[in-house]
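Here is the structure we will look at, set down as structure tokens.
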Amino acid sequence: MKIIPHASFKGGLCIGLFLLIAFFCFSCSSDKENSEKKVFNLNLDQGVTSLDPAFARNNNNIWCDHMLFNGLLQLSDSLKAVPSIAKSFELSNDGLSYTFHLRHDVFFHDDEHFAGGNGRKVVAADFVYSFNRIIDPKVASSGSWIFNDRISDKTPFEALNDSTFRINLKKPFPAFPSLLTGQYCVVVPHEVAEFYGKDFRNHPVGTGPFKFKHWKEGEIMVFLKNEKYFEKEGNDRLPYLDAVKITFIADKQTAFMEFIKHNLDFFNNIDGSYRDDILTKSGKLQEKYRGKFVLLKGPYLNTEYIGMLVDSNMAIVKNSPFKDKRFRQAINYAIDRNQLVKYLRNSVGTPAYQGFIPKGMPGFDEKKVVGYTFKPEKSKQLLAQMGYPNGKGLPEITLHTTTTYRDLIEFVQGQLSDVGIKTKVEVQPGASLREMISKNGVNFFRGSWSADFPDAENYLSVFYSKNYVPIGPNYTSFKSKRFDELFEKSYYETNDSARYQLYHQMDNLVMEEAPVLVLFYDQLVNMYQNNITGYHTNALNLLNLKRVKKN
């Protein structure tokens, strides 16, 4: 990854400002009008690989696509699927058909490939095209999994008329509306997407609150306000901002200094290398930064865990202590999650004393799911029951991780040692470790699971026996007939509260069998300047700028 030096960034900033002024200048515009433009300055340290929503596979792509496009539904701050282009929808009695009724005031951004260059109205046939495009092998979208084995083989997508769109499923899936809020499921115009083909990645045309203007890869990207955007707040048409300017400073410390100097309006996440400079161990802002900007922390749908391979039919497990549930439970009781989060993460995160489903997920209930607390004596007791008093006679186990998480894993290693479990830490490149995990090649490994969509089914699918690798993400080879029964039953439960009860039962079952050591539920850390208002966090950390104001 290229690190952009501070001096080079200044040059890029000047170029960026020049471009913005050029974009905003019209022949009749005055200097005063231009100076009053509200430009939101954002940095993305990892860059953007594509603005084609068919490839919205990483956070930065998703953030940009969210500004440019809309789908049938969108997420509320509480992660509920609510109307967007679809003003309403209903589910058939058999749970197999979703019918969406579209708004009549949604238009694509202006583009030369529309008649007269004016963006036309969105109709149901546009969603048929957009969704078929996602599953088209020629497009090779990274989002095709959304519809895999879910949609009808005969007629999955139907335009009943210009304002009525229907999706037909193979089997019920109550979480489907949540899936549709993702950026893969936005609407794109066939005229523009077909003309550009693969180059649609840098010629995006959508319906979103902002429209694409300029992208010099690795340096600057500019979106302008969509004056025809359909959403309003009261009598005010959204968005409030005139433009979004995105830079690509790869070094987070350099980017943070630009934020401190007010060259950036927003800063996301705090890297471990300078976390102590910004936060105290209790997670508060250091004195020198207090009052200088706003810091928001909140739940982030990511569970950090250590996985244990548990299928005793596998040779790698047959001769290891992991085949015994008591050993896995002993590992869980040995870890002081409070100390881990406080001293290694400056209290960014929530110690995981519940299940695999993270805090912030709809339906999460800390009173309904019981995980593990720090009880080292209980660990020793379980080891003694197995015939390993104080760990005597217990073979050394190897814990696999990557460089980024070495300090966290060494903390775990130390705590396991305290109860008599000898552990060797093996550090590997991320790609190599992922491949080994996906082939059941390691039986003790650090992992994380981030939500693809805001429904706990996404987390519980990790333990469904039919999702064994390489078909699915059951990396621990966990198998439970009762779990599978509950998992399959949840597909036919459309009442959220009743479905959440099933989720709690499954999560408790997983905790009892302990194929994972859940360490903590992640938290997002967002910082923005004091003159920014209207910003709201959500547990997916989805950047939403359409209601943001810059004073």
Residue 370 passes all but one of (1) buried (at least 17 other Cβ atoms within 10 Å of the Cβ); (2) within 30 Å of residue 499 (Cβ to Cβ); (3) among the aliphatic types (A, V, I, L, M); which number fails?
-> (1)
So residue 190 fits all but one of (1) crowded, with 17+ Cβ neighbours inside 10 Å; (2) of a type outside the set (Val, Ile, Thr); (3) touching a Phe, Trp or Tyr at 6+ places or on another chain (Cβ under 7 Å); what number is the exception?
-> (1)
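Among the candidates 341, 370, which residue alone is touching a strand residue (DSSP E or B) at 6+ places or on another chain (Cβ under 6 Å) and either in the same structural domain as residue 500 (by TED's automatic domain parsing) or in contact (Cβ under 8 Å) with a residue 40 or more places away in the chain (or both)? Working first, answer last.
On the way: 370 fails: touching a strand residue (DSSP E or B) at 6+ places or on another chain (Cβ under 6 Å).
Only one candidate passes the filter, namely 341.
Would you mind listing the helices (runs of 4 or more DSSP H) fully within segment 219-320 where at least 2 residues are in contact with an Asp or Glu (Cβ under 9 Å, 6 or more places away or on another chain) and over 30 Å from residue 514 (Cβ atoms)? Before you say what the answer is, go through the steps one by one.
Values: elements: 252-260, 275-278, 315-318.
Helices (runs of 4 or more DSSP H) meeting the threshold: 252-260.
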Could you check residue 197 against (1) touching a residue at least 24 places away in the same chain (Cβ under 8 Å); (2) more than 30 Å from residue 295 (Cα to Cα); (3) part of a helix (DSSP H, G or I) and say which number it fails?
-> (1)
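Within segment 162-170, does at least one residue satisfy the condition of being out of contact with any strand residue (DSSP E or B) (no Cβ under 9 Å at 6 or more places or on another chain) and either at pLDDT 95 or above or assigned to a loop (DSSP other than H, G, I, E, B) (or both)? Even if it seems obvious, please write down each step before you answer.
Within segment 162-170, the first condition is being out of contact with any strand residue (DSSP E or B) (no Cβ under 9 Å at 6 or more places or on another chain), and the residues that meet it are none.
Among the residues of segment 162-170, not one is out of contact with any strand residue (DSSP E or B) (no Cβ under 9 Å at 6 or more places or on another chain) and either at pLDDT 95 or above or assigned to a loop (DSSP other than H, G, I, E, B) (or both), which makes the answer no.
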For segment 335-365, how many residues meet the condition of being assigned to a helix (DSSP H, G or I) and within 22 Å of the chain's Cα centre (by Cα)?
-> 2
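Could you pull out the residue among 460, 517, 545 that is touching a Pro at 6+ places or on another chain (Cβ under 8 Å) and either surrounded by 19 or more Cβ atoms within 10 Å (Cβ to Cβ) or polar (S, T, N, Q) (or both)?
Numbers: 460 fails: touching a Pro at 6+ places or on another chain (Cβ under 8 Å); 517 fails: touching a Pro at 6+ places or on another chain (Cβ under 8 Å).
So the residue among 460, 517, 545 that is touching a Pro at 6+ places or on another chain (Cβ under 8 Å) and either surrounded by 19 or more Cβ atoms within 10 Å (Cβ to Cβ) or polar (S, T, N, Q) (or both) is 545.
Looking only at segment 387-404, how many residues end up being outside any helix (DSSP H, G or I) and buried (at least 16 other Cβ atoms within 10 Å of the Cβ)? Can you show your working first?
Initially, segment 387-404 is screened for residues outside any helix (DSSP H, G or I), giving 387-388, 392-402.
Then keep just the ones that are buried (at least 16 other Cβ atoms within 10 Å of the Cβ); that gives 388, 394, 397, 399-402.
The qualifying residues number 7.
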Give the residue that is farthest from the chain's Cα centre (by Cα), with candidates limited to residues of segment 297-316 that are at pLDDT 95 or above and of a type in the set (A, V, I, L, M, F, W, C).
-> 310
Hits in segment 208-248 - residues which are out of contact with any strand residue (DSSP E or B) (no Cβ under 7 Å at 6 or more places or on another chain), under 16 Å from residue 85 (Cβ atoms) and touching a residue at least 24 places away in the same chain (Cβ under 8 Å) | 208, 209, 230, 231
Tell me, please, whether a residue that is buried (at least 22 other Cβ atoms within 10 Å of the Cβ), of a type outside the set (Lys, Arg) and outside any helix (DSSP H, G or I) can be found in segment 322-334.
-> yes
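Go through 387, 414 for me and flag whichever is at pLDDT 95 or above and at positive phi.
Details: 414 fails: at positive phi.
Of 387, 414, the one residue that is at pLDDT 95 or above and at positive phi is 387.
I'd like to check something: does segment 124-131 contain any residue that is assigned to a loop (DSSP other than H, G, I, E, B) and surrounded by 21 or more Cβ atoms within 10 Å (Cβ to Cβ)? Working first, answer last.
The first filter runs over segment 124-131 and keeps only residues assigned to a loop (DSSP other than H, G, I, E, B), leaving none.
Within segment 124-131, none of the residues are assigned to a loop (DSSP other than H, G, I, E, B) and surrounded by 21 or more Cβ atoms within 10 Å (Cβ to Cβ).
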Scanning segment 255-273 for residues that are more than 23 Å from the chain's Cα centre (by Cα) and either more than 15 Å from residue 531 (Cβ to Cβ) or of a type in the set (Asp, Glu) (or both) gives 257, 258
Within segment 88-101, can one find any residue that is under 23 Å from residue 156 (Cβ atoms), touching a His at 6+ places or on another chain (Cβ under 6 Å) and either at pLDDT 95 or above or part of a strand (DSSP E or B) (or both)?
-> yes
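The values are calculated or read from the model by the stated rules, or taken from the named source; none is laboratory data. What you see is a predicted model; the values in this text were computed from it and never measured. Glycine also receives a Cβ, built like all others from the backbone with ideal geometry; neighbour counts cover every protein chain displayed.
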